[in-house]
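*Asks:* Right, I'll just put the structure down here and ask away after.
The values are calculated or read from the model by the stated rules, or taken from the named source; none is laboratory data. None of the values given here were measured: they were computed from a predicted structure. Glycine also receives a Cβ, built like all others from the backbone with ideal geometry; neighbour counts cover every protein chain displayed.
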Amino acid sequence: MRGDILGIFTKNLLLQDKKGRLFLIVCHEDKAVDVKTLHRHIGASGHLGFASSDQMRGVLRIEPGALTPLALLNDEDGLVTVVVEASLMDAEQVNFHPLINTESIGLQPADLFNFIASCGREAVISDLGSAAGDAVVQ
């Protein structure tokens, strides 16, 4: 279904910490993410939980299933902190949904970071910690 698209496909998670701060986690699609310990690696306050569909629609103006760092374009209030898995920095291309989940677009990591900067943000680069624990998102 992906055709001939080269590069690494990503998994994108919108999480919220106990203070209500939103974090968009961008990682390799096969990365196991331990949401119980992730806060220690990304500067969040306390444990993280998944943001609601309403928050995704309200803040990023996208539908669940279409989450992408490209949605930062719609985050006019700067509420979302982007966290990119460090290993993606070595990829030739990383692939995302272009605001809808029926297509994919590929960017070089440098272009992704240029886009994030054009939205007035600086992405956090993290190894995302280990996948030990029982609250792992596959």
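*Asks:* Of the conditions (1) touching a residue at least 60 places away in the same chain (Cβ under 8 Å); (2) assigned to a loop (DSSP other than H, G, I, E, B), F23 clears all except one; give me its number.
*Replies:* (2)
*Asks:* Looking at region 109-130, which of its residues are touching a His at 6+ places or on another chain (Cβ under 8 Å) and hydroxyl-bearing (S, T, Y)? Spell out the reasoning first.
*Replies:* Looking only at region 109-130, we keep the residues that are touching a His at 6+ places or on another chain (Cβ under 8 Å), and these are 126-129.
Across region 109-130, the qualifying residue is only S126.
*Asks:* Looking only at residues in region 1-12 that are part of a strand (DSSP E or B) and surrounded by fewer than 19 Cβ atoms within 10 Å (Cβ to Cβ), which one is farthest from the chain's Cα centre (by Cα)? Full working, then the answer.
*Replies:* Narrowing region 1-12 to residues part of a strand (DSSP E or B): 8-12.
Okay, now just the ones that are also surrounded by fewer than 19 Cβ atoms within 10 Å (Cβ to Cβ), so 9, 11-12.
Numbers: F9: 12, K11: 7, N12: 4 Å.
So the residue we want is F9.
*Asks:* Name the single residue, out of those in region 17-26 being surrounded by 15 or more Cβ atoms within 10 Å (Cβ to Cβ) and out of contact with any helix residue (DSSP H, G or I) (no Cβ under 7 Å at 6 or more places or on another chain), that is farthest from E122 (Cα to Cα). Give the derivation first.
*Replies:* If we filter region 17-26 for residues that are surrounded by 15 or more Cβ atoms within 10 Å (Cβ to Cβ), which is where we start, we get 17, 21-26.
After this cut, where a residue has to be out of contact with any helix residue (DSSP H, G or I) (no Cβ under 7 Å at 6 or more places or on another chain) as well, the list is 21, 25.
Details: R21: 15, I25: 13 Å.
Selected residue: R21.
*Asks:* A follow-up question, please. If you go through region 28-51 one residue at a time, how many are farther than 18 Å from L88 by Cβ and among the β-branched types (V, I, T)?
*Replies:* 2
*Asks:* Is it the case, given these coordinates, that R2 is at pLDDT below 90 and not β-branched (V, I, T)?
*Replies:* Details: at pLDDT below 90: yes; not β-branched (V, I, T): yes.
Yes, satisfied.
*Asks:* Next question. Of everything in region 27-42, what is over 15 Å from the mean Cα position of the chain (by Cα) and closer than 12 Å to S126 by Cα? Give them in sequence order. I'd like the intermediate steps shown before the answer.
*Replies:* Just the residues of region 27-42 that are over 15 Å from the mean Cα position of the chain (by Cα), to begin with: 36-37, 40.
Residue satisfying the conditions is R40 alone.
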